[in-house]
Each structure stands twice: as C-alpha cells, then as structure tokens.
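The values are calculated or read from the model by the stated rules, or taken from the named source; none is laboratory data. The model shown is predicted, which means the values in this text are computed figures rather than measured ones. Cβ atoms come from the backbone with ideal geometry, glycine included; neighbour counts cover every protein chain shown. Remember, those area values only see protein heavy atoms, side chains included, never the ligands or the DNA or RNA. Shrake-Rupley method; radii C 1.70, N 1.55, O 1.52, S 1.80 Å.
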Amino acid sequence: MATRNGANGTAAPAGAVAVKKKAKVAQTHAGLVRQARRINRELAEVYPYAHPELDFENPFQLLIATVLSAQTTDLRVNQTTPALFALYPTPEAMAAAKPEELEEILRPTGFFRAKTRAVLGLSAALRDDFGGEVPGRIEDLVKLPGVGRKTANVVLGNAFGVPGITVDTHFGRLSRRFGWTTSEDPDQIERDVAGLFPKSDWTMLSHRVIFHGRRICHARKPACGACPIAPLCPSYGEGEMDPEKAKKLLKYEKGGAPGQRLKPPPDYPGQPAPPLAAS
C-alpha cells in the first residue's frame with residue numbers, strides 16, 4: 001500500500017490525513033465565520049446520518065430521556081426508558097407513580113433519587129400547568145423542574161423543529177477547540193456559536209459536533225491522526241497524531257462498534273445498541 005509522510009514524520013497509510021501542527025492565530029470575525037461554516041459543511045459530509053442519540057417517540061419521551069441523560073450515557077438512558085415508558089407513558093401516569101418504584105427503574109442511570117424527584121416534578125407540572133402536553137416554547141420549558149436551556153433546546157430542535165444549539169460537554173469542548181468561543185459557560189457558548197451560523201443550521205450543527213466529540217475528538221485523547229477535518233482544526237496536534245494509533249481511539253460506528261440507540265434511524269450505518277439485559 002502506498003504511504004506518505006504524516007504530520008509527525010512517520011509513514012502514514014494512503015488516504016490518511018497529513019497535517020502539520022499549527023499555531024493558533026487570531027482572526028477577524030468574518031474569517032471565524034468562514035472557518036466555522038466550513039467545519040460544519042465538512043462535518044455534514046462525515047456524519048450525514050447525525051441524529052439525536054436518545055430513543056424517543058414523542059416530545060414527552062424525549063423530555064424525560066434528556067433529563068435522565070445528565071451524568072450518564074445516552075446508551076444507559078436508552079436501555080432504561082423502555083421499561084419506564086411501558087409503565088408510565090404519559091405525564092399523568094408518571095406524576096402518579098410511587099417514588100420508590102421510579103427509583104428502582106431509574107437506578108441504572110445514576111443519581112436516581114434526584115432524577116426521580118425531577119421526573120415526578122416535571123410530570124406534575126406538565127399535568128397541572130400545560131394540560132399534559134409538552135410546551136413548544138423555551139420560556140415554558142425552562143420553568144419545568146430539572147429543565148435548563150440544554151434540555152429545552154434538545155426538545156425544541158428534535159421534537160418541534162424549532163432551531164436550537166445544544167451545549168453539552170462535547171459541544172462546549174469542541175467549540176473551544178475550534179476557536180468558536182473561549183467560554184466555559186454554556187449560555188455564553190450558545191450565544192457565541194449562534195453568532196457564527198444561520199439559525200436554520202443550529203439543530204443539525206449540534207448533532208454533528210456532538211457526534212464528532214463522541215467518536216473522534218475525545219476529551220482526554222482526541223484522535224487527531226484519524227480526524228477527517230484535521231486540516232481545518234486550529235487545535236490539531238492536541239491528541240494522538242499517529243494514524244494507526246489514532247484509529248484505535250475511534251468509537252461507535254467509526255470504530256466498528258454499536259451506537260447508543262437501541263432503535264437508530266434507518267440510515268444509521270452502525271449496529272443498534274443492545275438492551276440492558278444484554279449489555
């Protein structure tokens with residue numbers, strides 16, 4: 001197989017990204033906008049199947065699942081919610097649930113007592129204040145117990161088609177690595193990134209960036225040597241630059257492993273995740 005010199009001087013397989021480590025430089029706002037939008041276009045090519053990684057069938061299920069996803073993986077939530085929604089399919093049913101029974105179901109997601117209180121509280125609020133329906137406005141969603149802007153934007157963007165930027169840990173980390181923001185504050189990150197993209201891009205941008213953060217641009221050791229957008233990244237070189245070593249860091253379908261959804265979209269190229277009993 002043909003080879004070429006990689007960014008670290010070693011032989012890299014043909015087709016691998018060869019990029020020199022580059023210093024971060026200041027740029028104009030217009031330049032930042034161009035760079036950011038080009039990264040988004042490239043991510044759209046890499047992840048044409050990007051989607052919310054929580055299983056849901058309606059806005060109520062997505063709202064509950066998103067609240068449960070705090071401090072755990074979407075996979076663990078997806079493995080837990082089938083039993084939850086089978087017993088409590090509506091806000092009215094969940095608001096009437098016995099706390100100890102909910103705690104036992106939610107135990108695998110961690111922090112299950114706090115999550116039980118949040119789920120009971122928001123279900124009661126939906127029943128009492130919104131006629132048992134999930135509201136479609138961020139002003140109303142953030143009034144619900146346990147619901148902040150991140151959760152509200154997930155629900156609006158994916159259940160109601162209202163554009164929103166979802167700032168989770170992955171999105172925040174990559175936004176800083178890409179130079180889109182310097183902030184650690186989720187609300188400020190949302191404002192900074194919103195100023196770089198048209199509103200119509202916000203929801204899918206969130207999915208693509210989060211997909212990239214989970215699969216390639218990891219927190220502790222990003223797989224720089226296997227990153228298809230390395231030529232555009234001002235933080236290239238922070239992670240593993242050797243292509244073969246970087247390939248071993250890839251996760252989910254990029255690494256040949258199942259994704260996080262038990263019921264992924266039809267165009268998802270990886271394997272469905274296993275249910276809780278099989279994991």
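Carbon and sulfur together cover what percent of the accessible area of region 133-173 at a 1.4 Å probe radius?
Numbers: 860 of 1650 Å².
Roughly 52 percent of what the probe reaches on region 133-173 is carbon or sulfur.
Would you work out the charge dipole size for the chain about its Cα centre, treating the Cβ of every Lys and Arg as +1 and the Cβ of every Asp and Glu as -1, and quote it to the nearest 20 debye? Don't skip to the end; give the middle numbers.
Details: 37 positive and 29 negative charges, 287 e Å.
The calculated dipole for the chain is roughly 1380 debye.
With the contact rule set at Cα under 8 Å and sequence spacing of 6 or more, what percent relative contact order holds for the chain? Spell out each step's value before the answer.
Numbers: 425 pairs, mean separation 62.5, N = 279.
Relative contact order here is 22 percent.
As an exercise, find the ratio Rg/Rh for the chain from alpha-carbon atoms, using the Kirkwood inverse-distance average for Rh.
1.01
Measure out, as a whole number of angstrom, how far apart the alpha-carbon centroids of region 158-205 and region 41-103 sit.
Cα centres, region 158-205 to region 41-103: 21 Å.
Build a GNM of the chain with springs between Cα atoms under 10 Å: which of GLY195, GLY172, GLY237 gets the top mean-square fluctuation?
The residue with the greatest mean-square fluctuation here is GLY195.
Compute the signed sum of charges (Lys and Arg +1, Asp and Glu -1) over the other residues within less than 15 Å, Cβ to Cβ, of PHE171. Write out the running numbers ahead of the final one.
Numbers: positive: ARG149, LYS150, ARG173, ARG176, ARG177, ARG191, ARG208, ARG214, ARG215; negative: GLU53, ASP74, ASP168, GLU184, ASP185, ASP187, GLU190, ASP192, ASP201.
Around PHE171, the surrounding residues sum to 0.
Within the chain, which whole H helices from DSSP have a Cα span along their axis of at least 15 Å and a mean Kyte-Doolittle hydropathy of 0.0 or more, if any? Walk me through the intermediate numbers first.
Values: long enough: 29-46 (25 Å, -0.54); 74-87 (20 Å, 0.29); 112-129 (25 Å, -0.04); 202-215 (20 Å, -0.39).
Membrane-span-like by this criterion, though nothing is claimed about a membrane: 74-87.
Keeping every protein chain present and rolling a 1.4 Å probe, give me the accessible area per residue for the chain in Å².
Details: 13330 Å² over 279 residues.
Averaged over the residues of the chain, the accessible area is 48 Å².
Over region 34-154, what relative contact order in percent results from Cα pairs under 8 Å that are six or more residues apart?
Values: 117 pairs, mean separation 27.6, N = 121.
Reported relative contact order: 23 percent.
Tell me whether region 131-279 comes out rounded, prolate or oblate; compute the Cα gyration tensor, take square roots of the eigenvalues as a ≥ b ≥ c, and use a/c under 1.5 as the rounded threshold. It would help to have the intermediate numbers written out before the result.
Details: a/c = 2.29, a/b = 1.30, b/c = 1.76.
Cα axes put region 131-279 in the oblate bin.
Can you tell me the relative contact order of region 104-214? Whole percent, Cα pairs under 8 Å, sequence separation 6 or more. Show your work: numbers first, answer last.
Values: 107 pairs, mean separation 20.8, N = 111.
Relative contact order here is 19 percent.
Run the helix sum for the chain: -39,500 (n - 2.57) per DSSP H stretch of 4+ residues, divided by residue count, reported at 222 nm to the nearest 500 deg cm²/dmol.
Values: 12 runs with 121 residues, N = 279.
Result for the chain: -13000 deg cm²/dmol, rounded to the nearest 500.
Which far-off residues, 5 or more places away or on another chain, put their amide H under 5 Å from the one on PHE197, with H placed in the peptide plane?
Residues meeting the criterion, in which the H sits 1.01 Å from N, do not exist here.
Using the alpha carbon gyration tensor of region 30-91, what are the three equivalent-ellipsoid semi-axes (square root of 5 times each eigenvalue), largest first, in whole Å?
Working: eigenvalues 225, 26, 24 Å².
One finds semi-axes of 34, 11, 11 Å for region 30-91.
Sum up the charges of everything whose Cβ sits under 14 Å from the Cβ of GLU100, counting Lys and Arg as +1 and Asp and Glu as -1, but leave GLU100 out.
Values: positive: LYS98, ARG107, ARG113, LYS115, ARG117; negative: GLU101, GLU103, GLU104.
So the surrounding residues net to +2.
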